[in-house]
Amino acid sequence: MRRRGGGTGTRWTVLALAGAGGAMAVDASGRIATGRRGWSLDWGILAGENLCVPAAAPSLRQRAAGAEDAAPVALETLVRASGGDVSQLAYAARAAGAGPGALGVLEVRNRTSAPVAVTLTLRPGDFWRPDGLWSVEIDDAGALANGARALWWQRPPAGGRLLADAAAATDGPHEPPPAGADWAGGPQRVRSRAGRSGAEFTWPVTHGTTLRVLLPLEPDDAAPPEPAVVPTLDQVGRGWDLHTAGGLRVAGLPDGRIEPLVAAAIRRLLALDVSPDAGDGPDGRLSPAERALVAAALAVAGYAQRAAEVVSLRAARNPASAARLARREAARVTARFGEAPAAVGAMVADAGAGGGWAGDRGGDDPALRAAFLLAVRDSLVAEEDGCLDLLPGAGADLAGSRPPIEVHRLVTGCGVLSFAVRWHDRRPALLWELAPPSTRLESWASVLAGSGAGEGTAGPTAAAPRLRATALAEPWSTRRPTGEELLGA
């Protein structure tokens, strides 16, 4: 199925890094495309005499992964072989001396009890077209596709082949590649007028060891980094933790899957490419409505500066209009999930391993990530006429002995809201803080983060907002900006 963004019906996860150009898309079988460049990188495993094609393996599974307690910023694809797992770990990093763009780090780990052979294949076609690989060149440092660096390896492969008529990248299992010229080391090149050149490379990977290759995510990056300067998964995860420490965080919600999806959506939108070159990347260029939606979600999550960078200049001048445009776009892209608040549960159930959803823009639609943040926001607070109603629609399932609910730094049309609900027997104790915006940028973001129904109520001359919690204690309300109270007394 063709999509408006140019993709097919394939679901994938986009991995990128805030502040560094480039991104890579990883599909459910671990195939990687670094943009709309006419090629993709596939993988396979030879265990003894058994060839394992991940896309066709019954044991194929995928999950978000992180190191220790750092943010899970990698995508891990696993298959069974020789009585154990072989895993492919992919994440985006930035290395000193490797140019301004991000690096795709690909690690294949042998967790079986026997040696295996790992094959990486450059195939024609990406997630948007079936061909487009006009030439492949190999040198001592790695491989080039269509004249641009596609792959760096830290140890050369034990064997390889150049293919003048390679099998195209598809959504299903791949046929064995046709015969090609064996590569014995040194520079070598193959061309195809049909855009179907390719190459495959094989490494032995013994028990307990890892094969690592690097993919430059911006084609102009030409200098291979030293292995010692490539950040580890733990370093990348902790870097993201620091970068997102001042934004929205939720904990203790009845559905425990919401919290990691919120965190993943925030990281995805912070790293989203909105530059003039975005058309070559996995997401393409966003429409004005999509930009308004992404900006509104970033504003809700507490990233006013990034929201201002994303939204169009015209929308930036009228944040209330941009908020209404964002709400209309959110309703459009989430129509298949139903109306709020049921949409949150439906989206949680449908989320991919990397926390995304396939939509109009492709297999990991940033508009759906943004719409999910707005839907979660509406499930945490309802806003109308200067009144904030906490946890609207919550029922008896919240009562009783259970972990506390915590919401930190949620931006509303009335300011930045944080609150927590703890239970004493079956009575809720509410702690809250509502801070009005203190700068012009924060005021702008507060309007953009609002419900879109008006111009927003935050500001030095506005009446103090009223807080309610009708689902917990219907009669209770307050205009105090901060406090704590045992409800239901």
The one condition in (1) at pLDDT below 95; (2) in contact with a helix residue (DSSP H, G or I) (Cβ under 8 Å, 6 or more places away or on another chain); (3) under 17 Å from Leu448 (Cβ atoms) that Arg317 fails to fulfil:
(2)
Given the options Thr244, Thr202, Thr210, Thr206, name the one that is touching a residue at least 60 places away in the same chain (Cβ under 8 Å), of a type in the set (S, T, N, Q), in contact with a helix residue (DSSP H, G or I) (Cβ under 7 Å, 6 or more places away or on another chain) and surrounded by fewer than 20 Cβ atoms within 10 Å (Cβ to Cβ).
Thr244
If a residue has to be under 28 Å from Ser443 (Cα atoms) and surrounded by 13 or more Cβ atoms within 10 Å (Cβ to Cβ) to count, how many in the stretch 462-475 make the cut?
8
Of those in the stretch 351-363 that are at pLDDT below 95 and not small (Gly, Ala, Ser), the residue surrounded by the fewest Cβ atoms within 10 Å (Cβ to Cβ) is Asp360
For the stretch 279-293, what are the residues that are in contact (Cβ under 8 Å) with a residue 40 or more places away in the chain and over 14 Å from Thr13 (Cα atoms)?
Gly279, Asp280, Gly284, Leu286, Ala289, Glu290, Leu293
Do you know which residues across the stretch 213-241 are in contact with a Lys or Arg (Cβ under 7 Å, 6 or more places away or on another chain), under 30 Å from Phe372 (Cα atoms) and either surrounded by fewer than 19 Cβ atoms within 10 Å (Cβ to Cβ) or free of Cβ contacts under 8 Å to residues at least 40 places away in the same chain (or both)?
none
For the stretch 97-136, how many residues are of a type in the set (D, E, K, R) and surrounded by 24 or more Cβ atoms within 10 Å (Cβ to Cβ)?
2
Against the condition crowded, with 23+ Cβ neighbours inside 10 Å and more than 17 Å from Ala326 (Cβ to Cβ), how does Cys414 come out, does it pass?
yes
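Rundown of residues vs (1) in the same structural domain as Ala335 (by TED's automatic domain parsing); (2) modelled with pLDDT of 95 or more; (3) part of a strand (DSSP E or B), yes/no style:
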position	(1), (2), (3)
Asp389	yes, yes, yes
Ala394	yes, no, no
Gly400	yes, no, no
His408	yes, yes, yes
Phe419	yes, yes, yes
Pro428	yes, no, yes
Leu434	yes, yes, yes
Ser438	yes, no, no
Ala445	yes, yes, no
Looking at the structure I just gave you, is Ala16 under 17 Å from Val108 (Cβ atoms), under 13 Å from the mean Cα position of the chain (by Cα) and surrounded by 19 or more Cβ atoms within 10 Å (Cβ to Cβ)?
no
Qualifying position, being surrounded by 17 or more Cβ atoms within 10 Å (Cβ to Cβ) and outside any loop (DSSP other than H, G, I, E, B), among Ala323, Ala346
Ala323
Checking the condition without any contact (Cβ under 8 Å) to a residue 24 or more places away in the chain and either assigned to a loop (DSSP other than H, G, I, E, B) or more than 19 Å from Leu417 (Cβ to Cβ) (or both), which residue from Arg328, Arg306, Arg336 passes?
Arg336
Given Ala340, Ala331, Ala297, which one is under 20 Å from Leu380 (Cα atoms) and within 20 Å of the chain's Cα centre (by Cα)?
Ala297
Can you pull out the residues in the stretch 261-278 that are surrounded by fewer than 16 Cβ atoms within 10 Å (Cβ to Cβ) and either part of a helix (DSSP H, G or I) or in contact (Cβ under 8 Å) with a residue 40 or more places away in the chain (or both)?
Ser275, Asp277
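The values are calculated or read from the model by the stated rules, or taken from the named source; none is laboratory data. Since this is a predicted model, take the numbers as computed values, not measurements. Here Cβ is always computed from backbone atoms with ideal geometry, including for glycine, and neighbour counts include all displayed protein chains.
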